[in-house]
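A quick write-up on the structure given underneath.
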Amino acid sequence: MPSIADLFAHNRAWAAQMERDRPGFFASLTKQQSPKYMWIGCSDSRVPANQITGLEPGEVFVHRNVANVVVHSDLNALSTVQFAVEMLKVEHIMVVGHYGCGGVLAALHSKRIGLADNWIRHIQDVRDRHRGILEKLAPEQRGDALVDLNVIEQVVNLCVSTVMQDAWAKGQNVTIHGWAFGVNDGLLQDLHMTVSSADSLEPVYRAAIEGVIAARS
Ligand SMILES: [Zn+2]
């Protein structure tokens, strides 16, 4: 395991290399950030937004929490989304789950963790809403299916937020995407939960849920 001193050593080497490769890189970053992308992902250390997508500092605005949940009363997430949409004018927001997510598996199996149980309850609500789908699947498929269903439901939560409803009512160009990351192969899957207007949410949602079932039958 690298030590804290190693982290600083790595940081200095990285900054020097960036400046050698792209003179003026950091000076240009100090002026302002103008990312086109916002990433809402899991806090899991295996799912680093920039590395997975090849995006550099300044290119993606990030919010992460346990199991990539968008909760209507979470001022942290909603403030981050509002800043991204209204001030930075991001054009794409991706909600990204990942297979093998500890939060999702804890929700699936009603495993008690502690304080976090109250957060994971949001994913159990997703599990309970889609119990019919999950029960038809083989037990070993249910974890991955709940990862997908959770992403789809969190995209819905984001779409119906006042921030997104207001942005779309004003004609702002913002598209929400639902993706899942494979920790085992490093690949992103598009769950086809892609919404760019308030009107398109319902049909896209129904098709995406069908897609979760189709992918496993
Ligand atoms: Zn996770």
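Find all pairs meeting these conditions: Cβ atoms under 7 angstrom apart; at least six residues apart or on different chains; first residue within the range 55-81 and in the same structural domain as Thr162 (by TED's automatic domain parsing); second residue within 16 Å of the ligand (Cβ to nearest atom) and part of a loop (DSSP other than H, G, I, E, B). Matching pairs, first to second residue: Arg64/Ser43; Asn65/Ser43; Val66/Ser43; Val66/Ala116; Ala67/Cys101; Ala77/Val70; Ala77/Val71. Within the range 37-46, is there a residue that is out of contact with any Phe, Trp or Tyr (no Cβ under 9 Å at 6 or more places or on another chain) and free of Cβ contacts under 8 Å to residues at least 24 places away in the same chain? Yes, there is a match, as at least one residue in the range 37-46 is out of contact with any Phe, Trp or Tyr (no Cβ under 9 Å at 6 or more places or on another chain) and free of Cβ contacts under 8 Å to residues at least 24 places away in the same chain.
Being under 24 Å from Ser196 (Cβ atoms) and in contact with a strand residue (DSSP E or B) (Cβ under 8 Å, 6 or more places away or on another chain) is a description that does not apply to Val104. In the set (1) away from the ligand (no atom under 16 Å from the Cβ); (2) farther than 21 Å from Ser161 by Cα; (3) under 16 Å from the mean Cα position of the chain (by Cα), the condition left unmet by Ser34 is number (3).
Of the residues that sit in the range 99-123 and are out of contact with any helix residue (DSSP H, G or I) (no Cβ under 9 Å at 6 or more places or on another chain) and outside any loop (DSSP other than H, G, I, E, B), which one is surrounded by the most Cβ atoms within 10 Å (Cβ to Cβ)? If we take residues in the range 99-123 being out of contact with any helix residue (DSSP H, G or I) (no Cβ under 9 Å at 6 or more places or on another chain) and outside any loop (DSSP other than H, G, I, E, B), then Gly102 is surrounded by the most Cβ atoms within 10 Å (Cβ to Cβ).
One line per residue, one yes/no per condition, for (1) among the aromatic types (Phe, Trp, Tyr); (2) farther than 24 Å from Glu202 by Cα:
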position: His109; (1), (2): no, yes
position: Trp119; (1), (2): yes, yes
position: Ile133; (1), (2): no, no
position: Glu140; (1), (2): no, yes
position: Ile176; (1), (2): no, no
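So how many residues does the range 48-74 have that are within 14 Å of the ligand (Cβ to nearest atom) and over 20 Å from Glu153 (Cα atoms)? Within the range 48-74, residues that are within 14 Å of the ligand (Cβ to nearest atom) and over 20 Å from Glu153 (Cα atoms) number 3. Take the conditions (1) free of Cβ contacts under 8 Å to residues at least 40 places away in the same chain; (2) within 13 Å of the ligand (Cβ to nearest atom); (3) closer than 26 Å to Met38 by Cβ; Leu108 misses just one of them, which is (3). Being more than 24 Å from Met164 (Cβ to Cβ), in the same structural domain as Val156 (by TED's automatic domain parsing), more than 15 Å from the chain's Cα centre (by Cα) and not charged (D, E, K, R) is a description that does not apply to Ala5.
Pick out the one residue from Val90, Val96, Val126 that is at pLDDT 95 or above, more than 16 Å from the ligand (Cβ to nearest atom) and either closer than 23 Å to Leu75 by Cα or not in a strand (DSSP E or B) (or both).
Details: Val96 fails: more than 16 Å from the ligand (Cβ to nearest atom); Val126 fails: more than 16 Å from the ligand (Cβ to nearest atom).
Exactly one residue qualifies, and that residue is Val90.
The values are calculated or read from the model by the stated rules, or taken from the named source; none is laboratory data. As the structure is a computational prediction, the values presented were derived from the model and not from experiment. Neighbour counts run over all protein chains shown; Cβ positions are idealised from the backbone, glycine included.
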